[in-house]
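One structure below.
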Amino acid sequence: MAGASAGAAGSGTSGAAGAPAGWTLAWSDEFEGASGQSPDASKWAFDVGGDGWGNSELEYYTDRPENSATDGQGHLVITLKSETYMNRSYTSARLKTQGKFTQAYGRFEARIKAPTGQGVWPAFWMLGEDITTNAWPNCGEIDIMEIAGKAPTVNHGSLHGPGYSGGSPLTGTYTLTGGGTLPDDFHVYRVEWEANTVRFYVDETNYETRKNTDVPNGAEWVYDHPFFMILNIAMGGSFGGAPDSTTMLPQTMVVDYVRVYSK
């Protein structure tokens with residue numbers, strides 16, 4: 001399902017905000033730490049390593065503040081760098097709430113200024129908390145913000161599950177029109193998830209709605225249990241494509257806030 005719509009830059013700034021009508025704030029991070037401080041360890045864990053992550057990615061994910069830290073101005077900054085580290089040519093960070101916070105259903109959103117460039121692959125997404133006992137894609141995956149830096153006007157919203165994963169998810173796109181790209185400014189990326197339905201938004205535009213009836217014949221809708229959230233920038237891989245001479249590094253993903261609401 002494709003949707004093309006102009007969207008104003010996401011409203012709201014860092015700092016606790018009143019909950020939207022009908023919702024109750026369940027969890028948030030406003031990233032109010034000092035400059036150079038690692039993310040709040042009570043809220044975030046790290047994936048560390050450089051094995052390609054099932055997508056032929058080129059980076060090594062670290063837990064160093066050089067790759068993810070607060071900026072002292074109410075933001076988390078994830079930095080993708082060109083450097084030789086652990087036999088890889090790039091470093092980045094992949095933060096997750098696994099083991100810290102999970103929730104089934106609700107409104108999950110982040111206000112993000114995305115990076116750009118050929119091969120650069122930022123994402124805000126979720127995985128089923130049962131992934132350690134119920135391997136991907138059976139655990140389920142919800143991609144809220146996924147941008148290929150080579151196509152910086154387009155956000156992809158996708159569901160991956162058994163029988164519809166990898167290159168064949170349930171997916172839709174939001175295209176920013178009117179000039180400019182998504183990385184030019186902050187935008188709010190969110191899903192509203194309830195039993196049998198997931199709605200995808202950029203700013204206030206609902207560009208895609210997926211229901212349990214959308215899964216292929218014989219496939220299973222697996223969005224009925226708690227999920228955890230992930231923020232990362234990958235380099236290369238099956239979605240980002242290989243970097244080239246036009247790729248300018250470092251690139252940063254600046255996150256103003258992450259908020260989760262329940263009904």
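The values are calculated or read from the model by the stated rules, or taken from the named source; none is laboratory data. Predicted, not measured: the structure shown is a model, and the values here were computed from it. Here the Cβ is made from the backbone with ideal geometry for all residues, glycine too, and neighbour counts use every protein chain on show.
Key figures for this structure:
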item: Every pair of residues 6+ apart whose Cβ atoms lie under 9 Å, when the first sits in the range 104-126 and is within 12 Å of ASP256 (Cβ to Cβ) while the second is in a strand (DSSP E or B) and among the basic types (Lys, Arg); result: GLU109/ARG190; GLU109/ARG259; ALA110/ARG190; ALA110/ARG259; ARG111/ARG259
item: Any chance ARG259 is in a strand (DSSP E or B) and closer than 21 Å to SER28 by Cβ; result: yes
item: Boolean, ILE144 is within 29 Å of SER42 (Cα to Cα), in contact with a Leu (Cβ under 8 Å, 6 or more places away or on another chain) and buried (at least 19 other Cβ atoms within 10 Å of the Cβ); result: no
item: Contacts under 7 angstrom Cβ, first residue in the range 29-52 being under 15 Å from PRO65 (Cα atoms), partner at pLDDT below 95 and in a loop (DSSP other than H, G, I, E, B), 6 or more apart; result: PHE31/SER14
item: Subset of the range 84-105 (residues that are assigned to a strand (DSSP E or B) and either aromatic (Phe, Trp, Tyr) or touching a Lys or Arg at 6+ places or on another chain (Cβ under 7 Å) (or both)); result: TYR85, TYR90, THR91
item: Near pairs, Cβ below 6 angstrom, 6+ apart or cross-chain, from the range 128-140 (at positive phi) to any residue that is at pLDDT 95 or above and of a type in the set (Phe, Trp, Tyr); result: GLY140/TYR223
item: Residue within the range 160-182 that is within 21 Å of THR97 (Cα to Cα) and out of contact with any Lys or Arg (no Cβ under 9 Å at 6 or more places or on another chain) present; result: yes
item: Residue within the range 66-73 that is buried (at least 21 other Cβ atoms within 10 Å of the Cβ) and of a type in the set (Gly, Ala, Ser) present; result: yes
item: 1 or more residues surrounded by fewer than 18 Cβ atoms within 10 Å (Cβ to Cβ): qualifying strands (runs of 3 or more DSSP E) within the range 167-247; result: 170-175, 187-194, 197-202, 205-211
item: Inter-residue pairs, beta-carbon under 9 Å, first of a type in the set (Lys, Arg) and modelled with pLDDT of 95 or more and in the range 192-208, second part of a strand (DSSP E or B) and surrounded by fewer than 20 Cβ atoms within 10 Å (Cβ to Cβ), 6+ apart; result: ARG199/ASN206; ARG199/THR209
item: Residues (closer than 19 Å to LYS81 by Cβ and not in a loop (DSSP other than H, G, I, E, B)) located in the range 43-60; result: PHE46, GLY49, GLU57, GLU59, TYR60
item: Only one of ASP40, ASP63 that is under 16 Å from VAL260 (Cβ atoms), assigned to a loop (DSSP other than H, G, I, E, B) and at pLDDT 95 or above; result: ASP40
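Yes/no per residue for (1) among the aliphatic types (A, V, I, L, M); (2) within 10 Å of the chain's Cα centre (by Cα); (3) over 19 Å from ASP185 (Cβ atoms):
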position: PRO115; (1), (2), (3): no, no, no
position: GLY128; (1), (2), (3): no, no, yes
position: ILE131; (1), (2), (3): yes, no, yes
position: GLY140; (1), (2), (3): no, no, yes
position: ILE147; (1), (2), (3): yes, yes, no
